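What follows is a short report on a single structure.
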Amino acid sequence: MSCLPVPPTTDAARSECAPGWEIRGGRLSLHRPLTVGILNLTPDSFSDGGRYTVPQRAVEHAHRLVRQGADLLDIGGESTRPGARPVPADEEAARVLPVIEQLHRQVRVPLSLDTQKAAVAEAGLHAGVAVINDVSALADPRMAEVVAAAGAGLVLMHMRGTPATMQQSPTYGDVVEEVAVELERSRTRAQAAGVPAARIALDPGIGFGKTAAHNWALIAGMPRLCALGSPVLLGVSRKAFLGALLGGADPDQRDVATAAACVVGFFGGARIFRVHNVRPVREALAVAAAVANAGPEAAL
Ligand code: HH2
């Protein structure tokens, strides 16, 4: 009986993927995996909707995520679950700004703002966020210049359509190749608007205009996405394809599967992981990083 091979992408991923990510206020090392704690201030998010709509509750949860070891916090005021309707900019800003203002004073980890709207991004940057996480990859034509002017980090996520329409029979020929090419195109647009490449992270957009089979293929195809040369962020946390795999488990019963998917993504080269429950993912990634750093000799 032979042993399972050490994942063949480990060394390649280490050398191909960028070892750092420039964000506002400094550079994050990617020599170890980073976890991004999710803080949704929405009434309707698929996993934590309605739990943190009161700012004080949200701030308490943010502190909990930081205690669990979150390296960044990603704050969102508009759900992007399949079928979600857009929230007006003033309503979205009213949800996120009071929490950003408090957290900017209270926590030392960088804050990311999950928004597709340049006006909301601008207000968030004014209140102190260091990263804009744009799931639409620059659908708002002003977004890149707003991010560039603030010297912020930028996450460009791949999505086909909008949250309202994206799950209506998503179709690809080669999903990994098409996502890679479209992400590269988005990055080129961001750079043309003045965002330096070193500030950009790319994200395949798990669940955004993708079937479960597309999601699995993208996780398996991580080395191709990492070969684009930007840090790759993976957002699998509690998503429906994991629930389906587990026979219909509820979102908060999907954390072990989330951690496993993150570890697989790590061995493909992803280095930034956006998750609801930080501790189990952080611990699983610590094991993965220890194996990767031990190298082939130690595996003998
Ligand atoms: N997924 C969600 C939201 N934002 N951002 C990035 N970069 N990558 C993702 O995969 C991603 C994201 C959806 O998850 P969640 O925020 O928990 O749900 P909702 O959109 O319902 O608030």
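Every number here is computed from the coordinates shown, using simple stated rules; none is lab data. As the structure is a computational prediction, the values presented were derived from the model and not from experiment. Virtual Cβ from ideal backbone geometry, glycine too; neighbours counted across all protein chains shown.
Quick one: net charge of Leu246's neighbours, Cβ under 15 Å, K/R +1, D/E -1? Around Leu246, the charge tally is 0.
Label the chain by shape, choosing from rounded, prolate and oblate, from the square roots a ≥ b ≥ c of the eigenvalues of the Cα gyration tensor; if a/c is under 1.5 it is rounded, and otherwise prolate applies when a/b is larger than b/c, oblate when it is not. Rounded, since a/c falls under 1.5. Spin-label model, Arg32/Arg85: points 7 Å from Cα along the beta carbon direction are separated by 4.5 nm.
Distance between the pseudo-spin-label points of Ala244 and Glu177 (7 Å out from Cα toward the beta carbon): 2.4 nm. For the stretch 31-43, backbone phi angles converted through the Karplus equation (6.51, -1.76, 1.60; θ = phi - 60°) give residue-by-residue couplings of 5, 10, x, 10, 10, 10, x, 8, 10, 9, 9, 9, x Hz, Gly and Pro being listed as x.
By how many degrees, between 0 and 90 and to the nearest 10, does the Cα long axis of helix 55-67 differ from the longest principal axis of the chain? Once rounded, one gets 30 degrees.
Using the Cβ of Leu285 as centre and a radius below 14 Å, the other residues enclosed give a net charge of +2, where K and R count +1 and D and E count -1. Amide H contacts of Met166: Gly83, each under 5 Å away and 5 or more positions distant or on a separate chain (H built 1.01 Å from N in the peptide plane; Pro and chain starts excluded). Over the chain, DSSP H runs of length four or greater, each weighted -39,500 (n - 2.57), average out per residue to a 222 nm ellipticity of -13000 deg cm²/dmol.
For the pair Val256 and Ala220, label points projected 7 Å from Cα toward Cβ lie 2.4 nm apart.
With contacts taken as Cα pairs under 8 Å at a separation of at least 6 residues, the chain carries a relative contact order of 21 percent. Summary value for the stretch 79-213: 25 percent relative contact order, contacts being C-alpha pairs under 8 angstrom separated by 6+ residues.
A simple rule links phi to the HN-Hα coupling: the Karplus curve 6.51 cos²θ - 1.76 cosθ + 1.60 with θ = phi - 60°, which for the stretch 253-268 gives 9, 10, 6, 5, 4, 4, 4, 5, 5, 5, 4, 4, x, 4, 5, x Hz, with x for Gly and Pro.
Indicate the gyration tensor shape class of the stretch 179-300 (rounded, prolate or oblate), computed on the Cα atoms with a ≥ b ≥ c the square roots of the eigenvalues: a/c under 1.5 is rounded; otherwise a/b larger than b/c is prolate and the rest oblate. Verdict is oblate for the stretch 179-300. Of all DSSP bridge pairs formed entirely within the stretch 73-225, close to 0 percent run antiparallel. Normalising the Debye intensity of the stretch 82-125 to I(0), with uniform scatterers on Cα atoms only, and taking log10 at q = 0.19, 0.25, 0.29, 0.32 Å⁻¹ returns -0.60, -0.90, -1.08, -1.21.
In this structure the amide hydrogen of Ala201, modeled in the peptide plane, comes within under 5 Å of the amide hydrogens of Leu154, Val155, Leu156, none closer than 5 places in sequence on its chain. For Arg64 and Asp44, a Förster radius of 30 Å and the Cβ-Cβ distance give a FRET efficiency of 0.90, rounded to the nearest 0.05. Amide H contacts for Gly20 (H built 1.01 Å from N in the peptide plane; partners 5 or more residues away or on another chain; cut-off under 5 Å): Leu30.
Each part gets one Cα centre, and for the stretch 83-97 versus the stretch 206-259 those centres are 25 Å apart. Rounded to the nearest whole Hz, the Karplus-based 3J(HN,Hα) values (6.51 cos²θ - 1.76 cosθ + 1.60, θ = phi - 60°) of the stretch 176-186 follow the sequence 5, 5, 5, 5, 4, 5, 5, 5, 4, 4, 4, with x at glycine and proline.
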